[in-house]
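Before any comments, here is the structure.
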Amino acid sequence: GRQGCQIDFEHVSFSYEGASGEPVLKNINLTCLPGETIGIIGSTGSGKSSLVNLIPRFYDVSSGSIRVDGVDTQELDPAKLRDRIAIVPQKSILFSGTIEENLLWGNEHASREEIMQAANMAEAHSFIAAFPEGYETMLGQRGVNLSGGQKQRLSIARALIRKPDVLILDDCTSALDTTTETNIKESLKSFASGVTCLLIAQRITSVMDADKIVVMDDGEIVGIGTHEALMKSCRVYVEIFQS
Ligand code: GTP
């Protein structure tokens, strides 16, 4: 199976180019161990997406460093780095084409069996199979209209087909009911075990069982720990829990 990566953030600060004022991320220190599931929670604009987007170098750090398996990402070929990392964005990006073409985007070599296994894990296989044309169903203007939750499940399946070492889910389960979300997380645990997983969420219930939870506030990490530990020690976490 795939071996998850270790990711180390060391004193990372980040500002978007041309933006004035306070950096979006300030002195981030975080270690994600191989195979760990890390939940990330925090209010809107606290920097969660910016943090994960630095890992595949969609943006470069302003200062500090991010290391993947000990190597500074600044010294890695971005294409090779991105090959190991799958990010499921907040907003699903699907194009006009069949469901299968959409799923294969990023790994055109996967077999139908691998596609179906990933779709199963992402709780997408049964709704796909229910279409008369199944995986050949057309999406987009001249095709079927999917619900927000169905689009999210296709995006997750697409990421799994790539068999990444690092899987980043950026708040992409918000349109799913909690049962579907729990089922997906359960299959990830068994099938994607060993994969380092970063999971951004709005709801505490989405990250509660992560190995550790990172709490972001205004560009800073204000708490790292398990749910139980954070409930005792992190005011921001308790506020999110109560809201
Ligand atoms: P939500 O996705 O709303 O939950 O927020 P988040 O916690 O993921 O924060 P995010 O990293 O998206 O944003 C952090 C800050 O960076 C906010 O003040 C944003 O307005 C700002 N920001 C995000 N994307 C960009 C960008 O592309 N350019 C600039 N200049 N600022 C950005």
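The values are calculated or read from the model by the stated rules, or taken from the named source; none is laboratory data. Remember, predicted model here, so these are calculated numbers, not experimental data. Positions of Cβ are backbone-derived with ideal geometry, glycine not excepted, and every protein chain shown enters the neighbour counts. Areas reflect the complete protein model, heavy atoms only, side chains present, ligands, DNA and RNA absent. Shrake-Rupley method; radii C 1.70, N 1.55, O 1.52, S 1.80 Å.
So, with +1 on the Cβ of K and R and -1 on the Cβ of D and E, and no other charges, what is the size of the charge dipole of segment 143-243 about its Cα centre, to the nearest 20 debye? Don't skip to the end; give the middle numbers.
Values: 11 positive and 13 negative charges, 88 e Å.
Value, rounded to 20: 420 debye.
Mind giving me the nanometre distance, one decimal, between the label points for D83 and S193, set 7 Å out from Cα along Cα→Cβ?
So the label points at D83 and S193 sit 2.8 nm apart.
With a Förster radius of 30 Å, plug the Cβ-Cβ distance of S43 and Q74 into 1/(1 + (r/R0)^6) and report the FRET value to the nearest 0.05.
Numbers: r = 30 Å, r/R0 = 1.00.
It comes out at approximately 0.50.
What list of ³J(HN,Hα) values in whole Hz, one per residue of segment 30-44 in order, does the Karplus curve 6.51 cos²θ - 1.76 cosθ + 1.60 (θ = phi - 60°) give from phi, with Gly and Pro shown as x?
After applying 6.51 cos²θ - 1.76 cosθ + 1.60, I find 7, 10, 10, 7, x, x, 6, 9, 10, x, 10, 9, x, 5, 5 Hz.
I'd like the FRET efficiency for K232 and S13, computed as 1/(1 + (r/R0)^6) with the beta carbon distance as r and R0 of 22 Å, rounded to 0.05. Don't jump to the answer; show the numbers that get you there.
On the way: r = 29 Å, r/R0 = 1.32.
With a Förster radius of 22 Å, E is 0.15.
In what sequence, largest accessible area first, do H11, H109, H227 appear using a 1.4 Å probe?
H109, H11, H227
Show the residues, 5+ positions off or on another chain, whose built amide H is closer than 5 Å to the amide H of L198.
For L198, whose amide H was placed from the backbone, the distant partners under 5 Å are I38, L167, I168, L169.
Tell me, what ³J(HN,Hα) does each residue in segment 91-107 have, in order and in whole Hz, if you take phi through Karplus 6.51 cos²θ - 1.76 cosθ + 1.60 with θ = phi - 60° and put x for Gly and Pro?
Calculated HN-Hα couplings, in order: 10, 4, 10, 10, 10, 5, x, 6, 4, 4, 4, 5, 5, 7, 5, x, 7 Hz.
Show which aspartates and glutamates lie in cross-link reach of K80 when reach means a straight Cα distance below 15 angstrom and same-chain residues fewer than eight apart are skipped.
Cross-link targets: D69, D72, D165.
Using the Cα centre as the reference, give the magnitude of the dipole from point charges on the C-beta atoms of segment 1-76 (Lys, Arg: +1; Asp, Glu: -1; all else neutral), rounded to the nearest 20 debye.
Dipole magnitude for segment 1-76 comes out near 240 debye.
Farthest toward the dipole's positive end in segment 123-243, which of L139, A192, M216, given Cβ charges of +1 (Lys, Arg) and -1 (Asp, Glu) about the Cα centre?
L139
Once you have a ≥ b ≥ c as the square roots of the Cα gyration tensor eigenvalues for segment 65-152, tell me rounded if a/c is under 1.5, and otherwise prolate or oblate according to whether a/b is larger than b/c. Working shown, then result.
Values: a/c = 2.55, a/b = 2.21, b/c = 1.16.
Prolate.
Taking 41 Å as R0, compute the FRET efficiency from the Cβ-Cβ separation of S126 and S96 and round it to 0.05.
Details: r = 24 Å, r/R0 = 0.57.
Once the sixth-power term is evaluated, E becomes 0.95.
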